[in-house]
Amino acid sequence: MPKKKSRIALARARQRRYKKFVDRGPCRFCKKEGLVIEYKDVSTLERLCSQQGKLFSRKRSGNCAKHQRQLKTAVKQARYVGLLPFVG
Amino acid sequence: MTGEATAPARVRPYEGMFVVFNKEARKTHEYLEEHVKGLLEKVHAKVVRFTKWDQRQLAFEINGQREGIYYLCYFEAPTDAIAHLKRESELSELVLRALILALDRIPTEDELRKRSSSAEEAMREGEELRGEGGFDGGGRRPRGGGGRGDRMGGGDGESDER
C-alpha cells in the first residue's frame with residue numbers, strides 16, 4: 001500500500017507548484033534593452049502564437065504585461081497585412 | 001466666424017507597409033514600386049527610405065490573391081495627408097493592404113538591424129515554452145461532466161446560462 005503523504009509534504013508540494021508561476025525572473029524581452037516588438041518579426045510572433053493563430057497567455061509565454069501588450073498590437077498589425085492568419 | 005486661416009498641419013514621420021500584387025504578371029516589379037511612390041507623391045509625402053521588404057505567400061487570401069509583394073517605406077508627411085493616402089490606397093487596384101504607423105523619429109539602418117536581431121536573440125535566450133501545453137495546463141484538462149457545467153454551482157445569482 002502506498003505511503004500516504006503528510007500534511008506538511010502536501011503543503012510544500014503546493015508551494016512548489018505555486019512558485020513555478022511566480023519566481024521566474026524578468027521576461028525574455030525585458031532582458032534586452034531598447035527592444036521593440038514589431039509586426040515585421042514574423043518568426044518571433046509565430047513562436048508566441050498557437051497553431052490556431054491565437055496569442056499565448058502571459059502565464060504560458062512568461063512575458064511581462066508591457067511586452068504582452070506590445071506583442072498583442074504587433075500580432076494584430078501582422079494579421080492586417082496578411083503576415084499572420086486571423087484563424088489558423 | 002472671424003475667417004482666420006487655419007495653421008498648417010504638423011509634419012511627422014511615418015512608416016508605411018504596402019502590400020501589392022503583380023497584377024500584370026510582369027517579371028520586373030518596377031511599375032509596382034513606381035505606383036506606390038506615386039501614391040506617396042500624390043499626398044505630398046517626402047520619402048526618406050523605400051525598400052522592397054519581402055515577397056511572400058499571404059497567410060490568407062486578400063482580394064483573391066495568395067501572394068503579395070511588401071514595400072516598406074519611411075516618409076514624412078503632414079498629418080492630414082494620411083487619411084488621403086489611406087483612401088488612395090484603398091481605391092488602388094494594385095494595393096491589397098496598406099498599414100501606416102506614426103513614428104517618433106525615423107530609425108536608422110543600424111537601429112533596424114539591431115532591433116530585429118535582438119528580438120530573435122531574446123527568443124533564443126528566453127526560456128523555452130513549457131512542454132506541449134505550457135503553463136496553461138498541458139493539453140486538454142479532463143472536464144468532469146463536460147462543457148461549462150462544471151463551472152456552475154458556485155455562483156450565487158450570477159449564472160452562465162442565458
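Within the set of other residues whose C-beta is less than 14 Å from the C-beta of B:Pro13, count the net charge using Lys and Arg as +1 and Asp and Glu as -1.
That sum, taken over residues with Cβ under 14 Å, equals +1.
Taking only Cα atoms, what is the 0 to 90° angle, nearest 10, from helix A:65-80's long axis to the longest principal axis of chain A?
Tilt of helix A:65-80: around 40 degrees.
Give me B:Val11, B:Val95 ranked fewest to most by other Cβ atoms within 10 Å of their Cβ, as a rough exposure proxy.
Listing B:Val11, B:Val95 from fewest to most nearby Cβ atoms yields B:Val11, B:Val95.
From the helices alone, meaning DSSP H stretches of at least four residues, give me the mean residue ellipticity at 222 nm for chain A, per-run term -39500 (n - 2.57), in deg cm²/dmol to the nearest 500.
Details: 4 runs with 42 residues, N = 88.
Mean residue ellipticity, 222 nm, calculated: -14000 deg cm²/dmol.
May I ask you to sort B:Ile100, A:Ile8 by Cβ crowding, counting other Cβ atoms within 10 Å and putting the fewest first? Spell out each step's value before the answer.
On the way: B:Ile100 17, A:Ile8 8.
Neighbour counts put them in this order, fewest first: A:Ile8, B:Ile100.
Take B:Ser117 and A:Lys72, extend 7 Å from each Cα along the Cα→Cβ direction, and tell me the distance between the two endpoints in nm.
Simple spin-label model gives 3.2 nm for this pair.
Where the eigenvalues come from the Cα gyration tensor of the range A:36-88, what are the semi-axes √(5λ) of the equivalent ellipsoid, largest first, in whole Å?
Those come to 16, 13, 8 Å.
With the crude spin-label approximation of a point 7 Å out along Cα→Cβ, what separation in nm comes out for A:Arg12 versus B:Gln65?
Between A:Arg12 and B:Gln65, the simple spin-label model gives 6.4 nm.
Hey, if you put +1 on the Cβ of every Lys and Arg and -1 on every Asp and Glu Cβ in chain A, which of A:Gly82, A:Ile8, A:Gly62 ends up farthest toward the positive end of that dipole?
Of the candidates, A:Ile8 comes out farthest on the positive side.
Whole number please: convex hull volume per residue of the Cα set in the range B:42-104, in Å³?
Values: hull volume 6.2 nm³, N = 63.
So the per-residue Cα hull volume is 98 Å³.
FRET efficiency for B:Arg49 and A:Ser50, Cβ-Cβ distance as r, R0 = 51 Å, nearest 0.05?
It comes to 0.90.
Quick check on the exposure proxy: order A:Arg58, A:Arg79, B:Arg124, A:Arg69 from fewest to most C-beta atoms within 10 angstrom.
Placing the least packed residue first, the sequence is B:Arg124, A:Arg69, A:Arg58, A:Arg79.
Too long at a 20 Å Cα-Cα cut-off: which of A:Lys76/B:Lys23; A:Lys31/B:Lys114; A:Lys5/A:Lys59; A:Lys40/A:Lys72; B:Lys23/B:Lys52; A:Lys72/B:Lys114? Present the calculation step by step, with values, prior to reporting the outcome.
Details: A:Lys76/B:Lys23 27 Å; A:Lys31/B:Lys114 15 Å; A:Lys5/A:Lys59 29 Å; A:Lys40/A:Lys72 13 Å; B:Lys23/B:Lys52 17 Å; A:Lys72/B:Lys114 22 Å.
Those over the limit are A:Lys76/B:Lys23; A:Lys5/A:Lys59; A:Lys72/B:Lys114.
Coordinate-derived values only; no laboratory data. Since the structure is predicted, the reported quantities are computational estimates derived from the model, not experimental observations. Glycine also receives a Cβ, built like all others from the backbone with ideal geometry; neighbour counts cover every protein chain displayed.
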